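Okay, so here's the structure we're looking at.
The values are calculated or read from the model by the stated rules, or taken from the named source; none is laboratory data. The structure displayed is predicted, hence computed values, not measured ones. Every residue, glycine as well, gets a Cβ built from its backbone with ideal geometry; the counts of neighbours run over all protein chains shown. What goes into the accessible areas is simple: the full protein's heavy atoms, side chains included, and nothing from ligands, DNA or RNA. Shrake-Rupley method; radii C 1.70, N 1.55, O 1.52, S 1.80 Å.
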Amino acid sequence: MKASEIRELSVGELNEKLSDLKAELFNLRFQHAINQLENPMRMKAVKKDIARIKTVITEKENVQ
């Protein structure tokens, strides 16, 4: 996801997306542990998306 797309979402939607990404990261780590991970770069992308979402949530909380 791009930062501009993330900024358009509400805090509730961001929290929902964050929980989805955390679940996906857990599944990717599990696949990595049992050597069934097809795209290891997906882990890096998910971690960056999580960081972007957390940053935007913090920004929105500080503005209010």
Only one of (1) touching a residue at least 40 places away in the same chain (Cβ under 8 Å); (2) open to solvent by less than 90 Å² (accessible area, probe 1.4 Å); (3) in a helix (DSSP H, G or I) fails for Met1. Which number is that? (3)
Can you find a residue in region 48-57 that is surrounded by 11 or more Cβ atoms within 10 Å (Cβ to Cβ), touching a residue at least 40 places away in the same chain (Cβ under 8 Å) and acidic (Asp, Glu)? yes
Checking Glu24 against (1) in a helix (DSSP H, G or I); (2) open to solvent by 90 Å² or more (accessible area, probe 1.4 Å), the condition it does not meet: (2)
